Each structure stands twice: as structure tokens, then as C-alpha cells.
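The values are calculated or read from the model by the stated rules, or taken from the named source; none is laboratory data. Bear in mind the structure is a predicted one, so any value in this text is a computation, not a measurement. We place every Cβ from the backbone using ideal geometry, glycine too, and count neighbours over all the protein chains shown. Surface accessibility is based on the protein's heavy atoms, side chains included, excluding ligands, DNA and RNA. Shrake-Rupley method; radii C 1.70, N 1.55, O 1.52, S 1.80 Å.
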Amino acid sequence: MEFSVMCKARHVLTLIGSVLNIVLSFIVFCFLDILDFVLCFVYKVLDFCIESEWKNPGSYSAATLDGSGKIIVSEQGETESEVVYLTSTKFQLEEISDTLYSRPSFVTEVSNQLKKLTFDTITITKSTEKKKPTRSTITINSTIVKLLQGRMIGQYLYPITRWSDCDCQFCNSWTYSTKRTLFVKSDGPKDQAKEDVVFIHGFVSSSAFWTETLFPNFSSNAKSIYRLLAVDLLGFGRSPKPNDSLYTLREHVDMIEKSVLEGYGVRSFHIVAHSLGCILALAIAVEHPESVKSLTLLAPPYYPVPKGESATQYVMRRVAPRRVWPPMAFCASVGGWYQYIARTVSLVLCKNHRLWDFLIKIITGNRIRTFLLEGFIRHTHIASWHTLHNVIFGTSGKLDRYLDIIRDRLSCDVTVFHGEDDEVIPLECSYNVQRRIPRARVKVVENKDHITIVVGRQKEFARELEEIWKKSTKN
């Protein structure tokens, strides 16, 4: 009897909590919609005053693909439309997520959901009228088209640091080099190693996630066999942070291939990747099927998309559900939906990271390592914003194909680790990978989350990786 009452009370409390979360989320995100709109104009004015550059806020464009392959872009809302021509950019445009320029306000989204629930029995008929085969229309931001145009003819629209980004030597060390390659931290044999291991970090992180945790804990035998290569992704850590980049999957993969595989003469290798890095690892494995010896994924963000859904929009809503609770969902929602609020956060944290470093050292008495914080606040807003949308959201329609290729064409071992208490990437994502690749082994680590799956258990995890590599080499 008492147990039954407790269950009913718990159910009622859960229901009340859910209702409060929905109501509070509606109020908070309606306010954030307005705030982001206001900040949009604020930053446009500041950019114009400081950098002599003006862009129309909230302006999108209608792009027409003509028979010659050119893309004609005209701004909406202008009496005289600006026309931009591009050729041979179909591949590049496919790399750009529509979530960069198509994010409905919270009120609009709620309204659309209500309409969908009310009129779900209405069937939508497609027009059977013949269309001109030489022309089709898409929606895209003209700024993106100009960036692509500039890259095609070798121009760099923002060769210097923007006023809202940090200008310290650490963040801009890449500008003093003529190489334009990623920062790579290597450990192990200085001469030709028997095997190579490539480590790819997650979102708003750096190579220190690996070098400060795992590298010191690998056995001397492992360090005599394996050359360990941890890379800072484009836009993060000590790597280049170009403001003219769109930070697409193609750009990230190309830079890894150029800086790590070609730069270090890597021919056959193991991959260890965390979170966002898992997407890049899958893309690299697909491009180098004969070279990958093992694939170790930590918390892979793989969300199978239901039929009829827009892949990019669906994944954006899964990763950033616009809810105030749990806290990680709120942070992801602010970072994923609100470009100018996210830029403000970056302005406060990343531009002033030296101040935060100093304060933390005073508070802690310099007794703890701050490598996690360093990775979190040493990037640019352009890098984090475009990587989030073009890689995590934008590749959602490609992951099924990547996983199928790895299942059918690659023979390497696939091991997936996931923290039981991970609130950033749900545990179901790892099991989704296993459903797509039946031979993949999923290991759920109890009482660990998105970060502590490595940090805090680095010795144990280092031994697990050595076993994976040893087994893969024997096979």
C-alpha cells in the first residue's frame, strides 16, 4: 500500500516537474529570442564601426541554380537585388548546414508543433506540374556564398583577428607560421614507429584532453611501439583559426589529412575519437578503409533520422531541445540556437581567457591543472558556431552511409565507450552505432559522464586502449 502511494506521488511530482519545465522554457526562450534579435543589430553596428563592415541582420537570399552551374544569389527585401555568381560549388554547398540560416523562433516552433498535432490527418499533395529542368531555387545566406566565392579565387575576407576574438600569442601563434597546418602533439618513437595512433578531441576542446590524461599513463612498452598523435582541430587550441573558413566536415578532414597523415607520413593507424571527433573519425575511416586498424569511439553523437524529417533540423532539436532543464540541455540550446548570445559568451570567456586563467590560479593556488578549461575557452566564435552546425548538425544525413561503409568494407575492430551518466550525448547513440555495425562492441562505463569517461580513469582507459591496439594488430 505504502509503495503504491509512493509510486503515485512520484508520478505526480514528475508530471508537475515536466509541466514547469515546459512553461519555464517557453518564457525563457521567448526572452532569448528577443535578446538574440537585439544583439544581432548591436554586433552589426559594432562590426561596422570597428571593422568597417556592414551586413544586413536577419537577411537571407534566394539562390537560383541555372543550367551552366552558376548560382545566382539575390538579397530579399532590397529594391535592387545584389547578384553573386559562383561555379562548381555544389559539393561545397552540400557541406553547409541549413541550420546556420534557418532556425525558427521558439514561438514559431511551438505554433508549428500545435498545428502539426491539430492537422496531422491532412495530406499534403505534391504538384505534378513540370518544372524547367535547368533552374531550381534554394535558400541560402549570401554571406556564405561570398565566402565560398572568396575561397575559390584565393581571397581571404578576414585575414586578421576580429575585434571580438582574443589577440594573444597563444591563440594566434598560427599567424606567425607559413605552414597553415594544425597543431599536433606527438609522443613515442622519434624514428619510424611500428604503428601510429591518431587522437581526435571533441567539441570546444583541444589535444590536451588526451595529452594531459592518457599520454603520461601509457606503458613504456606501448610508447616504444606506438607513435601517439593528438591534434588540435581547425579553429581550436593552438591550431589556425581562420575567420574566412566555414569549418565544414570537408575542411576539418582535409586539414587532419594534411597535418597528421601526410605531415607525419602515416600509412596505417588506429583512431581514438571523442564526441564531435567521432564524426571526423568516421569520415577519415571511410576515405582510408585500408589504413585504419582499429576505431575507438567515445560518446559518438549518432541520431538516426526518422523518415520524412529534415536530418539537420532533427538532430539540432535532439542536441539542443530548448529546455531549461537539465542544465546541459539549456547550455546546448543557447549555444546551438542563438548566434549572437553565443558570440557574447565567447566574447566574455574566450577573448578574456587570460583573465580567467589568472583568477583560477589565484583561487586554486595553482594546485590543479586547468587543461579542460584551456580547451573550452581557447577558440573563436566563428569556429565553434560553424563547426557545431556544419559538422554535428550538418553531417546527420551522411552518418548512415559512413557506418554502412565501415560495416561492409572495413574489417577493423570498432569499440564504443559511453559514460552511463552522460547528459551531453545520450547512451542510446552508442547503441545506435552498434545496430548499424553489429560487430561493434559497446562498453558502458558506470558512474561516468561525458568528460569523466576519460578524466579520472585515465590509467584504466590507457590499459584498455593498449589491449584494443594489441588485439587489432594480431588480427
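In table form, for the structure just shown:
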| quantity | calculated |
| --- | --- |
| The stretch 418-434: number of residues that are in contact (Cβ under 8 Å) with a residue 12 or more places away in the chain and out of contact with any strand residue (DSSP E or B) (no Cβ under 8 Å at 6 or more places or on another chain) | 5 |
| Every residue from the stretch 385-422 that is farther than 27 Å from residue 96 by Cα and either surrounded by fewer than 23 Cβ atoms within 10 Å (Cβ to Cβ) or aliphatic (A, V, I, L, M) (or both) | 408, 409, 410, 411, 412, 413, 414, 415, 416, 420, 421 |
| For residue 264: the one exception among (1) open to solvent by less than 30 Å² (accessible area, probe 1.4 Å); (2) modelled with pLDDT under 95; (3) out of contact with any helix residue (DSSP H, G or I) (no Cβ under 9 Å at 6 or more places or on another chain) | (1) |
| Pairs where the first residue, in the stretch 351-373, is at positive phi and the second is open to solvent by 40 Å² or more (accessible area, probe 1.4 Å) and at pLDDT 80 or above, C-beta under 9 Å, 6+ apart | 366/360 |
| Qualifying helices (runs of 4 or more DSSP H) (wholly inside the stretch 304-361; at least 2 residues being surrounded by fewer than 18 Cβ atoms within 10 Å (Cβ to Cβ) and hydrophobic (A, V, I, L, M, F, W, C)) | 327-337, 339-349 |
| Every residue from the stretch 267-290 that is of a type in the set (Ser, Thr, Tyr) and at pLDDT 95 or above | 275 |
| Test: residue 380 is among the polar types (S, T, N, Q) and touching a Lys or Arg at 6+ places or on another chain (Cβ under 8 Å) | yes |
| Qualifying residue in the stretch 297-307 (condition: closer than 24 Å to residue 104 by Cβ, free of Cβ contacts under 8 Å to residues at least 12 places away in the same chain and touching a Phe, Trp or Tyr at 6+ places or on another chain (Cβ under 9 Å)) | yes |
| Residue within the stretch 400-411 that is touching a residue at least 24 places away in the same chain (Cβ under 8 Å) and under 20 Å from residue 214 (Cα atoms) present | no |
| Filter result for residue 245 (of a type outside the set (D, E, K, R), open to solvent by 10 Å² or more (accessible area, probe 1.4 Å) and either part of a loop (DSSP other than H, G, I, E, B) or closer than 21 Å to residue 278 by Cβ (or both)) | no |
